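Undergrad: Structure incoming, see below.
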Amino acid sequence: MAAARFGDSSKTVDYLDEASKAAQLLNKDANHLWTAFGPTNVAIHRVNTAAELGDVQTILNSGLSLNTEAVPVERRVRYLLDVARAYSLVGNRDDALGVMITAERMAPEQVRQHYLSRKVVAALIQGTVGKPSVELDKLAQRVNAQGAI
(Lines give C-alpha, C1' and ligand atoms only; values in the text may rest on other atoms or scores of the structure.)
Protein backbone atom coordinates (compact mmCIF):
# COMPACT_ATOMS: atom_id res chain seq x y z
CA MET A 1 0.00 0.00 0.00
CA ALA A 2 2.84 2.37 0.79
CA ALA A 3 4.39 1.84 -2.64
CA ALA A 4 1.02 2.49 -4.27
CA ARG A 5 0.47 5.63 -2.23
CA PHE A 6 3.84 6.88 -3.46
CA GLY A 7 2.72 6.11 -7.04
CA ASP A 8 5.31 3.36 -7.57
CA SER A 9 3.35 0.82 -9.60
CA SER A 10 6.42 -1.29 -10.36
CA LYS A 11 7.26 -1.85 -6.69
CA THR A 12 3.59 -2.35 -5.92
CA VAL A 13 3.38 -5.18 -8.46
CA ASP A 14 6.60 -6.71 -7.15
CA TYR A 15 5.38 -6.67 -3.55
CA LEU A 16 1.99 -8.08 -4.49
CA ASP A 17 3.60 -10.85 -6.55
CA GLU A 18 5.82 -11.75 -3.60
CA ALA A 19 2.84 -11.73 -1.24
CA SER A 20 0.89 -13.86 -3.69
CA LYS A 21 3.65 -16.49 -3.74
CA ALA A 22 3.67 -16.59 0.05
CA ALA A 23 -0.12 -16.82 0.15
CA GLN A 24 -0.07 -19.71 -2.30
CA LEU A 25 2.40 -21.53 -0.04
CA LEU A 26 0.02 -21.03 2.86
CA ASN A 27 -2.75 -22.22 0.51
CA LYS A 28 -5.56 -20.85 2.66
CA ASP A 29 -6.85 -17.71 4.25
CA ALA A 30 -5.81 -17.39 7.87
CA ASN A 31 -5.84 -14.77 10.57
CA HIS A 32 -2.66 -15.64 12.47
CA LEU A 33 -1.70 -12.75 14.72
CA TRP A 34 -4.53 -10.72 13.16
CA THR A 35 -2.81 -10.54 9.76
CA ALA A 36 -5.78 -11.85 7.74
CA PHE A 37 -3.11 -13.16 5.38
CA GLY A 38 -3.87 -15.47 2.51
CA PRO A 39 -4.85 -15.51 -1.16
CA THR A 40 -8.05 -13.54 -0.59
CA ASN A 41 -6.36 -10.73 1.31
CA VAL A 42 -3.69 -10.46 -1.37
CA ALA A 43 -6.46 -10.22 -3.99
CA ILE A 44 -8.14 -7.49 -1.92
CA HIS A 45 -4.82 -5.64 -1.73
CA ARG A 46 -4.56 -5.81 -5.54
CA VAL A 47 -7.86 -3.91 -5.65
CA ASN A 48 -6.81 -1.52 -2.86
CA THR A 49 -3.50 -0.68 -4.54
CA ALA A 50 -5.19 -0.32 -7.92
CA ALA A 51 -7.45 2.28 -6.31
CA GLU A 52 -4.46 4.12 -4.87
CA LEU A 53 -2.78 4.09 -8.28
CA GLY A 54 -5.94 5.30 -10.05
CA ASP A 55 -6.30 2.05 -12.00
CA VAL A 56 -10.09 2.00 -12.07
CA GLN A 57 -10.24 -0.67 -14.78
CA THR A 58 -8.50 -3.25 -12.57
CA ILE A 59 -11.09 -2.60 -9.88
CA LEU A 60 -13.97 -2.83 -12.32
CA ASN A 61 -12.54 -6.06 -13.75
CA SER A 62 -12.63 -7.60 -10.29
CA GLY A 63 -16.10 -6.15 -9.75
CA LEU A 64 -17.65 -7.99 -6.87
CA SER A 65 -16.20 -11.32 -7.98
CA LEU A 66 -13.98 -11.93 -4.95
CA ASN A 67 -15.37 -14.25 -2.33
CA THR A 68 -14.26 -12.41 0.78
CA GLU A 69 -16.08 -14.49 3.41
CA ALA A 70 -12.78 -15.95 4.72
CA VAL A 71 -11.32 -12.60 5.78
CA PRO A 72 -12.34 -10.28 8.63
CA VAL A 73 -15.22 -7.92 7.97
CA GLU A 74 -12.86 -4.91 8.00
CA ARG A 75 -11.05 -6.27 4.93
CA ARG A 76 -14.33 -7.09 3.15
CA VAL A 77 -15.63 -3.59 3.78
CA ARG A 78 -12.42 -1.92 2.57
CA TYR A 79 -12.71 -3.94 -0.64
CA LEU A 80 -16.31 -2.79 -1.07
CA LEU A 81 -15.38 0.85 -0.48
CA ASP A 82 -12.84 0.68 -3.30
CA VAL A 83 -15.37 -1.01 -5.60
CA ALA A 84 -17.92 1.69 -4.76
CA ARG A 85 -15.33 4.38 -5.47
CA ALA A 86 -14.57 2.85 -8.87
CA TYR A 87 -18.27 2.64 -9.76
CA SER A 88 -18.66 6.26 -8.75
CA LEU A 89 -15.69 7.36 -10.85
CA VAL A 90 -17.15 5.81 -14.01
CA GLY A 91 -20.61 7.22 -13.34
CA ASN A 92 -22.24 3.97 -12.23
CA ARG A 93 -24.02 5.75 -9.42
CA ASP A 94 -26.68 3.16 -8.60
CA ASP A 95 -24.14 0.38 -8.14
CA ALA A 96 -21.86 2.69 -6.14
CA LEU A 97 -24.69 3.52 -3.75
CA GLY A 98 -25.76 -0.12 -3.54
CA VAL A 99 -22.25 -1.25 -2.65
CA MET A 100 -21.95 1.49 -0.03
CA ILE A 101 -25.22 0.37 1.58
CA THR A 102 -24.06 -3.26 1.53
CA ALA A 103 -20.77 -2.30 3.18
CA GLU A 104 -22.59 -0.25 5.81
CA ARG A 105 -24.81 -3.20 6.69
CA MET A 106 -21.70 -5.32 7.25
CA ALA A 107 -19.78 -2.84 9.41
CA PRO A 108 -21.73 0.36 10.09
CA GLU A 109 -19.10 1.98 12.30
CA GLN A 110 -16.29 1.38 9.86
CA VAL A 111 -18.20 2.76 6.90
CA ARG A 112 -19.45 5.76 8.83
CA GLN A 113 -15.95 6.71 9.98
CA HIS A 114 -13.88 5.91 6.89
CA TYR A 115 -12.65 8.80 4.75
CA LEU A 116 -13.40 6.81 1.58
CA SER A 117 -17.07 6.68 2.53
CA ARG A 118 -17.26 10.45 2.72
CA LYS A 119 -15.33 10.76 -0.53
CA VAL A 120 -17.62 8.37 -2.43
CA VAL A 121 -20.82 9.82 -1.00
CA ALA A 122 -19.69 13.38 -1.69
CA ALA A 123 -18.91 12.44 -5.30
CA LEU A 124 -22.33 10.81 -5.66
CA ILE A 125 -24.05 13.91 -4.29
CA GLN A 126 -22.02 16.29 -6.43
CA GLY A 127 -22.88 14.23 -9.50
CA THR A 128 -26.59 14.35 -8.74
CA VAL A 129 -28.76 16.54 -10.92
CA GLY A 130 -31.34 18.05 -8.65
CA LYS A 131 -31.97 16.74 -5.17
CA PRO A 132 -30.23 13.52 -4.00
CA SER A 133 -32.40 10.48 -3.36
CA VAL A 134 -33.65 9.94 0.16
CA GLU A 135 -31.34 6.90 0.48
CA LEU A 136 -28.28 8.89 -0.61
CA ASP A 137 -29.23 11.84 1.60
CA LYS A 138 -29.57 9.60 4.65
CA LEU A 139 -26.26 7.88 3.89
CA ALA A 140 -24.63 11.32 3.56
CA GLN A 141 -25.89 12.18 7.05
CA ARG A 142 -24.59 8.92 8.51
CA VAL A 143 -21.10 9.31 7.01
CA ASN A 144 -21.01 13.04 7.77
CA ALA A 145 -20.82 14.13 4.14
CA GLN A 146 -23.64 16.67 4.32
CA GLY A 147 -21.22 19.43 3.37
CA ALA A 148 -21.36 18.05 -0.16
CA ILE A 149 -25.12 18.68 -0.34
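The values are calculated or read from the model by the stated rules, or taken from the named source; none is laboratory data. Just so you know, these numbers come straight off a predicted model, no measurement behind them. Neighbour counts run over all protein chains shown; Cβ positions are idealised from the backbone, glycine included. The accessibility values were calculated without ligands, DNA or RNA, using every heavy atom of the protein model including side chains. Shrake-Rupley method; radii C 1.70, N 1.55, O 1.52, S 1.80 Å.
Undergrad: Could you give me the radius of gyration and the Dmax of the stretch 34-75, taking only the C-alpha atoms into account and expressing both in angstrom?
TA: That works out to 10.4, 30 Å for Rg and Dmax.
Undergrad: Let me ask you something else. Name the residue farthest towards the positive end of the dipole of the chain from the options 88, 145, 59, assuming +1 on Cβ of Lys and Arg, -1 on Cβ of Asp and Glu, about the Cα centre.
TA: The residue sitting farthest along the positive end of the dipole is 145.
Undergrad: Rounded, prolate or oblate for the stretch 105-149? Axes are the square roots of the Cα gyration tensor eigenvalues, ordered a ≥ b ≥ c, and the cut-off for rounded is a/c under 1.5. Please report the intermediate quantities before stating the final value.
TA: On the way: a/c = 2.33, a/b = 1.72, b/c = 1.35.
Note, shape of the stretch 105-149 comes out prolate.
Undergrad: Rounded to the nearest whole Å², what accessible area per residue is found for the chain with the 1.4 Å probe?
TA: Values: 8230 Å² over 149 residues.
Result: 55 Å² per residue.
Undergrad: At 1.4 Å probe size, put 79, 15, 115, 87 in order of accessible surface, largest to smallest. Mind dumping the intermediate values first?
TA: Numbers: 79 5, 15 130, 115 110, 87 35 Å².
If we order 79, 15, 115, 87 from most to least accessible, we get 15, 115, 87, 79.
Undergrad: To continue, here is another question. So between residue 144 and residue 92, what do we pick up on full extension, going 0.36 nm a residue minus the alpha carbon distance?
TA: Working: separation 52, 0.36 × 52 = 18.72 nm, distance 2.20 nm.
Net length gain for the segment: 16.5 nm.
Undergrad: Less than 26 Å apart at the alpha-carbon level, and either on another chain or at least 8 residues along: which lysines does that give for residue 28?
TA: 11
Undergrad: Between residue 17 and residue 58, what's the calculated FRET efficiency when r is the beta-carbon distance and R0 is 22 Å? Round to 0.05.
TA: Details: r = 14 Å, r/R0 = 0.66.
Efficiency computed from Cβ-Cβ geometry: 0.90.
Undergrad: Using all Cα-Cα distances in the chain, what percent lands in each 5 angstrom bin from 0 up to the longest?
TA: Spelled out bin by bin, the chain gives 2, 10, 19, 20, 19, 14, 9, 5, 2, 1, 0 percent.
Undergrad: Take 77, 134 and sort them by solvent-accessible surface of the protein heavy atoms, 1.4 Å probe, largest at the top.
TA: The most accessible residue leads, giving 134, 77.
Undergrad: Now for a separate question. Taking the Cα centre of the stretch 1-134 as origin and charging only Cβ (+1 Lys, Arg; -1 Asp, Glu), how large is the dipole, in debye to the nearest 20?
TA: Details: 15 positive and 14 negative charges, 73 e Å.
So the dipole magnitude of the stretch 1-134 works out to roughly 340 debye.
Undergrad: Modelled label-to-label distance, residue 33 and residue 113, 7 Å Cα→beta-carbon offset: nm?
TA: About 2.5 nm, to one decimal.
Undergrad: GNM on the chain, C-alpha springs below 10 Å: top fluctuator among 60, 136, 33?
TA: 33
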